[in-house]
Structure formats: structure tokens, C-alpha cells
Amino acid sequence: MAVIPLQRKPLTFAERTYVPQIVAGLTTTWKHLVRKKETLEYPEQRPAIPAGYRGVPTLVKDPHGREKCVSCQLCEFVCPPKAIRITPGEIAPGAPTGHVEKAPKEFEIDMLRCIYCGMCQEVCPEEAIFLQNQFSMTGYTREEMVNNKARLYELGGTLPDQHFKWDKKKHAEDHGNDRH
């Protein structure tokens, strides 16, 4: 097979002096010099958070301050990088919330492993885990970047509950025909 050499078009005088390329570069530089600055003074000014932003996963409580998580461990099983660790715990039978099957004894999310995919929020049947709009998680050690149950509730706060699983149902024999 014969190789045919590629014939290049000869450069014009302007192209040989590189004047058009220099002018294009100076034009770009001038545009950057005269336009409005986009720098933010970070801690005081924060960028606008776009709709659908997936931030830090946190645990939330219901309006009465009760834990929503029932240690089903679905979020732990579905987490791709295995950043979530749950140790299920028992609820004492005499407790006001004793009718609920269980609650987490320990709940940890390793923020160094978390990829902010949102699968934990999607799979949670109790709506106990939410992605918050916080985007600046920092720490000096690896241990500071592992959020325990108390820290997750502190970051998450309280959200409305649509399940009402913590409220005991009224029985017909106890209260006549009144039902929830």
C-alpha cells in the first residue's frame, strides 16, 4: 500500500506573523478584565444552590421529636460505597414507642466515602434520611468526617411526618367507634 503525502495549504502573510492569534488572545484577556467579577467572599457569601441539589445525608425527626428511623437497614444495603453503618437496637416494651419494631442503636455515615448519590433517601420507607443543602463538610481528622447518630440528627432537624407510625392506633373496643 502506497502512502500519499498530505499537501498542506501555504500560510498567508498574516498567519505567518501570528497577528490574528495574538489579537484573539488579547481580546479574550480584555473581556476578562472589564467584565464583572465572579469571586465570592466564601464564608459570608455562598453560591446559589440549584434545584435538585444532592447534599449531605442526614437523619430527621418527626414533629414530636421522635426518631423516624426503624433500622430497616435498606439504606445500608443500597449504599454503593458502603458509607452507611447501622447497628439495630431494641425498643423497650414499656416505652411509649414500644409498639414500633426497632430503632437504631448506632447510625454512622462516613462522609469521606459518601458519593452523594441520593440512593439512601430514595430507598428509605420511613422518610428518615434526607439530603440537606449543606455542601461544606470539613474536618481535621478522618474521625471527624464520620457522622454519628447524634450529629446526623443535629444536621437533619425536624421534618413533617406522613406516616404517623409512632402514634398508637385507637382500638374500637377501647374507644367505641372512634378510629384514627
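Taken together, the values in this text are just the output of simple stated rules run on the coordinates, not laboratory data. Since the model is a prediction, treat every value here as computed from it, not as a measurement. Every residue, glycine as well, gets a Cβ built from its backbone with ideal geometry; the counts of neighbours run over all protein chains shown.
For the chain, the convex hull drawn through the C-alpha positions has a volume of 313 cubic angstrom per residue. Answer with one residue from P96, V146, F135: the one whose Cα lies farthest towards the positive end of the charge dipole of the chain, charges on Cβ with Lys, Arg +1 and Asp, Glu -1. Checking the options against the dipole of the chain, the answer is F135.
The number of Lys pairs in the chain with C-alpha atoms less than 18 Å apart, excluding pairs fewer than 8 positions apart on the same chain, is 17.
Computed from the Cα positions only, the extents of segment 68-137 along the three principal axes stand at 41, 21, 20 Å, in decreasing order. Given their separation in residues at 0.36 nm each and the Cα-Cα distance between them, R54 and V123 gain 23.4 nm when the chain is fully extended.
In order along segment 28-44, the Karplus-derived 3J(HN,Hα) couplings, from 6.51 cos²θ - 1.76 cosθ + 1.60 at θ = phi - 60°, round to 4, 4, 4, 4, 5, 6, 9, 7, 5, 5, 10, 6, 10, 7, 3, x, 7 Hz, and Gly and Pro are given as x. Given +1 at the Cβ of Lys and Arg, -1 at the Cβ of Asp and Glu and no other charges, the dipole of the chain around its Cα centre is 1140 debye to the nearest 20. Taking 0.36 nm per residue of sequence separation and removing the Cα-Cα distance, the A95/V19 pair yields an extension gain of 19.1 nm.
Where only DSSP H runs of four or more residues are counted, the chain gives -6000 deg cm²/dmol as its mean residue ellipticity at 222 nm, each run worth -39500 (n - 2.57).
Counting other Cβ atoms within 10 Å of each Cβ, which GluC sites (Glu not before Pro) in segment 10-97 have at most 12 and sit in a DSSP loop? Those satisfying the criteria are E38, E41, E44, E90.
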